[in-house]
Every structure is written in structure tokens, then in C-alpha cells.
Amino acid sequence: MPLYAIIRIRGRLDLAPDVEYTLKLLRLHKKFHATLYPSSLPGIEGMLHKVKDWVTWGEIEYDTLVELLRVRGRIIGNKPLSDEWVREHLGIEDGIAGLAKALIEEKIFLHKLNGVKPVFRLHPPRGGFKRSTKRPYGDCGELGYRGKAINDLIKRML
């Protein structure tokens with residue numbers, strides 16, 4: 001099963017209470033925050049359908065995940081995630097690369113790890129958004145499910 005990268009694209013204005021609550025459950029409190037959840041998690045599809053007009057998501061690849069963890073991964077105290085910290089506290093000998101492999105294989109879940117922040121604070125995409133941030137991805141927009149194209153967006157936002 002793939003690992004979903006979910007990025008909040010739109011802000012807090014005109015949010016319905018149920019959408020706001022679902023974004024809170026997904027830990028997407030601000031624009032350009034990203035989280036990782038496995039697609040096999042119960043209820044994740046329904047949550048994504050509920051917030052499809054505020055977020056974009058897709059399957060993250062291994063190389064992009066390693067880069068995301070290295071550049072934007074944080075531990076408690078807002079310190080960068082490092083290979084040494086992963087070896088010492090999580091017991092994964094391969095460091096961040098091993099952590100990324102374990103996340104993709106669903107051996108561990110990022111939102112259940114102690115000491116690692118489950119939210120990635122990203123920059124706005126370099127070069128800006130190519131399309132409208134108010135329309136679905138399939139309809140010349142940026143919102144909703146985008147599949148493997150999420151990797152290109154994440155790389156532009158690091």
C-alpha cells in the first residue's frame with residue numbers, strides 16, 4: 001500500500017466546522033504544511049474526500065521521502081532530524097534512509113513516533129503554482145488527488 005503525502009494548499013478563510021475539524025485531525029493547521037499517512041489507515045480516504053477542496057495528496061516515492069525527511073524533518077525542540085538521532089532513538093541502523101524505507105513498508109507510522117514531529121513545514125512552491133488553487137487537479141487546478149505528481153510539487157516546496 002502506498003504512503004500518502006498530504007499538503008494543505010488553501011488557508012483558513014471560509015472553512016466549514018467539519019472540514020476544519022478534519023484538517024485538525026490530519027494535523028494540517030496552516031498553509032503549506034504536509035503530513036504522511038498510509039493509504040491503508042482506516043478512514044483516511046473519507047477524510048481526504050472531506051478536505052479535497054483545501055489539500056492535495058498523492059503517493060510519495062522513496063527518494064522524495066528521504067529528501068523530505070533530511071531537509072524538513074524535525075524532532076522535538078525544532079531541531080533537524082539527523083541520521084545519528086534516528087540510530088540512537090529509533091534503533092534504525094540505516095538512519096534516515098532506513099526510516100523512509102520503514103515508513104513506505106508501513107512497519108512504523110510517522111504520526112505514532114515519539115520525538116519526531118509529524119508535520120513538515122514547507123515553502124511555497126518555487127516558480128509558483130502552475131494552475132488555479134481553487135480547482136481540482138484534473139480540471140486545470142492544484143487541489144485533490146494528483147498521484148505521483150505530488151513528488152514534483154514536494155521537490156519544488158523544499
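Just so you know, all these numbers are worked out from the coordinates, no wet-lab data involved. The shown structure was predicted, so the numbers you read here are calculated from the model rather than taken from an experiment. Reconstructed Cβ throughout: ideal geometry from the backbone, glycine too, with neighbour counts over all protein chains shown.
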Requested in this report: Can you tell me the equivalent ellipsoid semi-axes for the range 83-158? Use √(5λ) from the Cα gyration tensor, largest first, whole Å.
Outcome: 31, 13, 11
Query raised in the report: Gap in Å between the Cα centre of the range 122-158 and the Cα centre of the range 65-94?
Result: 26 Å
**Report entry** Trp57, Trp85 arranged by Cβ crowding within 10 Å, fewest neighbours leading
**Finding:** Trp85, Trp57
Query raised in the report: For the range 5-65, what does the alpha-carbon gyration tensor say about shape, rounded, prolate or oblate, given a ≥ b ≥ c as the root eigenvalues, a/c under 1.5 as rounded, and a/b over b/c as prolate?
Result: oblate
**Report entry** the range 1-81: trypsin sites (Lys or Arg not before Pro) falling in loop per DSSP and having at most 13 other Cβ within 10 Å
**Finding:** Arg12, Lys30
Query raised in the report: Each label point is 7 Å from the Cα along the Cα-to-Cβ direction; what then is the distance between the points at Asp94 and Met1, in nm?
Result: 2.1 nm
Report summary line: Once both label points are put 7 Å beyond Cα along the C-beta direction, the His111-Leu41 separation in nm becomes 0.3 nm
Query raised in the report: To the nearest 500 deg cm²/dmol, what mean residue ellipticity at 222 nm is calculated for the chain from DSSP H runs of n ≥ 4 alone, each contributing -39,500 (n - 2.57), summed and divided by the residues?
Result: -8000 deg cm²/dmol
Query raised in the report: So for the chain, taking the charge dipole from beta-carbon charges (+1 Lys/Arg, -1 Asp/Glu), which of Gly46, Gly128, Phe109 sits furthest toward the positive end?
Result: Gly128
Report task. Compute log10 of I(q)/I(0) for the chain with the Debye formula, placing one identical point scatterer on every Cα and leaving out solvent, at q = 0.10, 0.11, 0.18 Å⁻¹, to two decimals. Result -> -0.34, -0.41, -1.10
Query raised in the report: At what distance in nm do the modelled label points of Arg121 and Arg12 sit from each other, each positioned 7 Å from its Cα along Cα→Cβ?
Result: 1.5 nm
Query raised in the report: Exposure proxy check: Asp94, Asp83 ranked by fewest other beta carbons within 10 Å?
Result: Asp94, Asp83
